[in-house]
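The next block holds one structure in the form of structure tokens; read it before the comments.
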């Protein structure tokens, strides 16, 4: 029988949309995260629509909305174009996959839901708090602080997979002071990722809509060489995929982003294939709604 790939599902219609946001300016560590959307699209040709473990096949169409023209644009100047493009996607689709680009795309992604920030929840899978100072404007290291300064309540944020020796005491103290839910990598290992996610979703039971930031540097660096911020001892990819399935199955999740993938640093397509599998797991979760 002929091979049908995830890429074959992509066209001009569908309840799920893919939108690229290739913004690389404003990164703490300069790189080529702008190459991620096109690299990910190519990687999807290498994944079939059938899951041998579950016997399920992904057959629904996916709409490709192309890329927001933000390559070389600062996070401040890229805010409105990403917000507006993502807002249009969210308005027409049940789930939007926003493919960064660096982590600065998360701030406009949250605003794209078009709801008062008090009604929106943000879940991050990230090695970092992303609470750097905003004195020099938005960047990939401060989208969470930017959102809190925009009015997002800290109690509406949960951060999962935080890594040791990758943050500062002040950031940790600020996160707790803001009321952010903090879950370290050790918490994920000891409690299990599904238990952590169920706790987070129960905490957000009164919120109307959720955004999930999948910063790929949460993954163990040996399994994700194309993520400049990844650390040894990070999240196993199997846990990352399980989180993608569980969160995409939640009907209140309107948008998920994938950030901090730098194809110029990748080795043997390891990170590209990890990103491609992430798309598969997000689609599988969505199919279970």
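The values are calculated or read from the model by the stated rules, or taken from the named source; none is laboratory data. If you're wondering where the values come from, they're calculated on a predicted model, not measured in any experiment. In this analysis, Cβ positions are derived from the backbone assuming ideal geometry, glycine residues included, and neighbour counts consider all displayed protein chains.
Worth pointing out:
- Residue list for the range 101-146, filter: in a helix (DSSP H, G or I), in contact with a strand residue (DSSP E or B) (Cβ under 7 Å, 6 or more places away or on another chain) and more than 22 Å from residue 202 (Cα to Cα): 103, 105, 106, 109
- For the range 14-32, the set of residues classified as closer than 30 Å to residue 58 by Cβ and either surrounded by fewer than 22 Cβ atoms within 10 Å (Cβ to Cβ) or over 18 Å from the mean Cα position of the chain (by Cα) (or both) consists of 14, 15, 32, listed by residue number.
- Residues of the range 191-230 that are without any contact (Cβ under 8 Å) to a residue 40 or more places away in the chain, over 14 Å from residue 242 (Cα atoms) and in a loop (DSSP other than H, G, I, E, B): 205, 206, 220.
- The listed residues are 26, 78, and the only one of them that is in contact with a helix residue (DSSP H, G or I) (Cβ under 9 Å, 6 or more places away or on another chain), over 20 Å from residue 253 (Cβ atoms), modelled with pLDDT under 95 and not in a strand (DSSP E or B) turns out to be 26.
- Just one of (1) within 21 Å of residue 90 (Cα to Cα); (2) touching a helix residue (DSSP H, G or I) at 6+ places or on another chain (Cβ under 9 Å); (3) modelled with pLDDT under 95 fails for residue 31. It is (1).
- Taken residue by residue, the range 119-128 has no member that is at negative phi, surrounded by fewer than 23 Cβ atoms within 10 Å (Cβ to Cβ) and out of contact with any helix residue (DSSP H, G or I) (no Cβ under 9 Å at 6 or more places or on another chain).
- Residues satisfying the criterion are present in the range 196-211 (criterion: surrounded by 18 or more Cβ atoms within 10 Å (Cβ to Cβ), more than 26 Å from residue 83 (Cα to Cα) and at pLDDT 95 or above).
- Selection status of residue 54, under 18 Å from residue 278 (Cβ atoms) and under 16 Å from the mean Cα position of the chain (by Cα): no
- Filtered by the rule that a residue be over 15 Å from residue 18 (Cβ atoms) and buried (at least 19 other Cβ atoms within 10 Å of the Cβ), the range 261-271 gives 262, 263, 266, 271.
- Among the residues making up the range 247-288, those that are within 14 Å of residue 15 (Cα to Cα) and in a helix (DSSP H, G or I) are 248, 282, 283, 284, 285, 286, 287.
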